[in-house]
Amino acid sequence: MAASSLSLTWASTKISNKLNVNHLNESVQQTALPTSIKCLRETATTHEESHHKRRAVLLGAGALTATLFPSTPLLALEKPLNYEAFVDTIDGYSYYYPSDWREFDCLGHDSAFKDRYMQLQNLRVRFIPTDKKDIHDLGPMEEVITDLVTKIYSAPNQFASIAKMEERSEDGKNYYTVEFTLSSRNFEASHFATIAIANGRYYTLIVGANDRRWRKYRNQLKVIADSFKVLDI
């Protein structure tokens with residue numbers, strides 16, 4: 001595994017025009033702050049019930065996945081204490097999540113988990129089609145991350161501050177991860193976002209919490225961001 005990192009901070013008033021990410025705007029906008037996410041109620045429609053049943057199968061089969069798919073990179077490592085593995089071999093991704101978190105439906109996302117007591121402390125994953133083959137095809141990490149945080153993840157009334165960017169490569173797959181904070185007049189929350197491209201899809205995992213919780217649980221949430229992997233399907 002290779003990894004590199006870059007630490008910096010700036011405001012969202014200066015946006016790079018060197019990278020055109022307009023093709024991502026419509027589909028990725030709902031991955032912004034937890035306060036802007038529209039999540040489905042747990043009771044539902046036939047489609048929602050079907051989604052829950054499928055997830056139950058995926059989660060229930062987790063213990064068998066290590067045996068059936070021993071080459072899965074995520075499961076080749078020892079699972080961190082107090083985390084569970086989520087492996088979606090159908091849609092091609094995996095990650096760890098805290099064992100006491102609960103799954104919930106979040107509009108436009110393929111999977112999502114939240115703290116059972118603090119709903120704004122959550123993670124969610126989505127993907128959109130792309131003709132790109134690798135995350136490097138989007139451009140240099142600094143430009144890609146800057147545009148995502150300032151144009152996609154933040155609202156016009158929010159101040160965006162990027163604390164750190166990282167790039168890693170595992171099993172031939174490349175990932176960008178960013179740590180950033182979004183502040184408004186009455187609210188502040190911090191997040192990790194990890195993005196990758198595989199299977200003709202642009203994948204995004206975002207995990208975050210409000211400012212008070214972030215100071216306490218930041219390192220635990222980083223485990224989630226670093227564990228995100230895309231799988232061949």
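The values are calculated or read from the model by the stated rules, or taken from the named source; none is laboratory data. For clarity, every value in this text was computed on a predicted model and none was experimentally measured. With ideal geometry, Cβ positions are generated from the backbone for all residues, glycine too; neighbour counts draw on all protein chains shown. Note: accessible area is taken over every heavy atom of the protein model, side chains too, but ligands, DNA and RNA are not part of it. Shrake-Rupley method; radii C 1.70, N 1.55, O 1.52, S 1.80 Å.
Before moving on, here are some points about what is shown:
- FRET efficiency, F159 to D137 (Cβ-Cβ, R0 22 Å, nearest 0.05): 0.15
- Heavy-atom accessible surface of region 83-230, averaged per residue, reaches 37 Å², computed with a 1.4 Å probe.
- Percent accessible area from carbon and sulfur atoms, region 146-224, protein chains only, probe 1.4 Å: 43 percent
- Evaluated with a Cβ-only charge set (Lys, Arg +1; Asp, Glu -1), region 83-230 carries a dipole of roughly 580 debye about its Cα centre, given to the nearest 20.
- Size descriptor, Kirkwood hydrodynamic radius, that averages inverse alpha-carbon separations across region 83-230, Å: 15.6 Å
- Once the Cα-Cα distance is subtracted from the 0.36 nm per residue extended length, the D211 to F187 segment shows a gain of 7.8 nm.
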